[in-house]
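Trainee: Quick one: this structure, given as structure tokens, is what I'll be asking you about.
The values are calculated or read from the model by the stated rules, or taken from the named source; none is laboratory data. What you see is a predicted model, and the numbers here were worked out from it, not measured in a lab. Glycine gets a Cβ as well: all are built from the backbone with ideal geometry, and neighbour counts include every protein chain shown.
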Amino acid sequence: MKRVFKLFTDRRTWVRLIFVSAIASGIAWQVGDLLVKDGGVVAAIICALSIRISLYKSVREGFGQIVGTAIGAGVALACVALFNFGIVSVALTVLFCSVVARALHLGEVASVNVPVTALIVIGPGLSESTALSRLSSTLIGATVAIIFSYFSNGKTPAARTVDKISSLANKCAKLLGEMSEGVAAGYDQEEAGHWLAKARLLVEEIPGVRAQALEARGHAKWFPTAEVDEAEELYIRGVAVEHTVVQVRTIARTLFDSSVKGGIAEETKRDIAQALSAASFAVSSKAEQIKTTQGIADSRSATQDVRIAGAALADSLMEASDDVDQEQLVRGISLVSNIGIIADSLDESSPALHDVLTPGEPAMNQVLKVSPIEQSARVGARITKPFIWLKRRLRKYF
């Protein structure tokens, strides 16, 4: 019984979300039936599809549902008017909805909603009044989902970003510590393979951190209670931990290659282990500083220790260059470079964090891949292009 209970207590966020979703769907059904005749089912469906872990995400999802329903209802009305209700109208509705969604550059969310909500709107039959009532039910369901999403999670997007960044940083620190101990004790290819596998799993967590940081930025821009400066700072820290993870994976790969090619030279083992240990401590200090907003001085001191350890490793490699195999020397210098990049990422001094534009949210996750203003400008340019060509041709005659 305790094990079953623990399954739920360890997943409190998920449990809270499904309970809020269930309550919200029930209320959406009740409100939908009260305000729109037989509108409860559609309202409950849309509410269940739209409610997300945050208010910001639910607003986006709800907007996508409304856009999809409006387009789907319009296409469905046209198909039924031309072909009556039947297999042809249903097939053409799905076909035309997909074409329209593609033509409007709708994101993945709204693109899926267009044909799905069109079929919901069609139901057993369709008329203008039915389409309007189901569109109203969609609006009710999305509104209820947006309201209840405020209660679906106890933390703000910024707080969730802090949790994700600090969690990933702590995992990096733990792996660096394991590699440090392994190098000092003498590791084999199997152990290095485990490190590399763990590092690859850490890299797979990067998209989640980036998406959460982007959500915090978007939330801060649209909601007055959020701090824009805090969200931007967290975004930079998210990019910094991303760079750190990439370097940790590269270090794991370098150590694995070293184990395949004969291992690390005895002359440099101790310095490599110390450099990795210093990096591990610095990353964990940074994670603690991000989570508690304290210990900034300790974090900077730890970062400085990383640079000192990296410099000591570089000196050791240069001194042993006559005795160490050339390939081993190159891999050792690569480790020095990786550790230096980690230090620059931790104190956020690297130009790569501030001077390079980081891509924003993928277009596939947006409600509209291309903004309506940009789409209108493109259409206008296409319309005026023949007239401009004709004007140039006729200019010499007038």
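Trainee: Residues in segment 331-362 that are closer than 12 Å to T268 by Cβ and either in contact with a Cys (Cβ under 7 Å, 6 or more places away or on another chain) or at pLDDT below 85 (or both): how many?
Mentor: The number of residues fulfilling the criteria is 2.
Trainee: Restricting attention to segment 318-328, report how many residues are under 40 Å from the mean Cα position of the chain (by Cα) and farther than 19 Å from V248 by Cα.
Mentor: The number of residues fulfilling the criteria is 1.
Quick grid of which residues meet (1) touching a strand residue (DSSP E or B) at 6+ places or on another chain (Cβ under 9 Å); (2) among the acidic types (D, E); (3) in contact (Cβ under 8 Å) with a residue 12 or more places away in the chain:
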| position | (1), (2), (3) |
| --- | --- |
| R249 | no, no, yes |
| T254 | no, no, yes |
| A278 | no, no, yes |
| A309 | no, no, yes |
| A312 | no, no, yes |
| S337 | no, no, no |
| D344 | no, yes, no |
| A352 | no, no, yes |
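Trainee: Hey, could you check segment 94-105 for residues that are buried (at least 17 other Cβ atoms within 10 Å of the Cβ) and at pLDDT below 75 and say which is nearest to I45 (Cα to Cα)?
Mentor: Top of the filtered list is A101.
Trainee: Within segment 269-284, is even one residue under 25 Å from the mean Cα position of the chain (by Cα) and either assigned by TED's automatic domain parsing to the domain that holds E327 or basic (K, R) (or both)?
Mentor: Looking for residues that are under 25 Å from the mean Cα position of the chain (by Cα) and either assigned by TED's automatic domain parsing to the domain that holds E327 or basic (K, R) (or both), one finds at least one in segment 269-284, hence yes.
Okay, residues lined up against (1) assigned to a helix (DSSP H, G or I); (2) crowded, with 19+ Cβ neighbours inside 10 Å; (3) modelled with pLDDT of 85 or more:
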| site | (1), (2), (3) |
| --- | --- |
| G193 | yes, no, yes |
| G208 | yes, no, yes |
| L214 | yes, yes, no |
| H219 | yes, yes, no |
| E232 | yes, no, no |
| A273 | yes, yes, yes |
| S277 | yes, yes, yes |
| A282 | yes, yes, yes |
| S285 | yes, yes, yes |
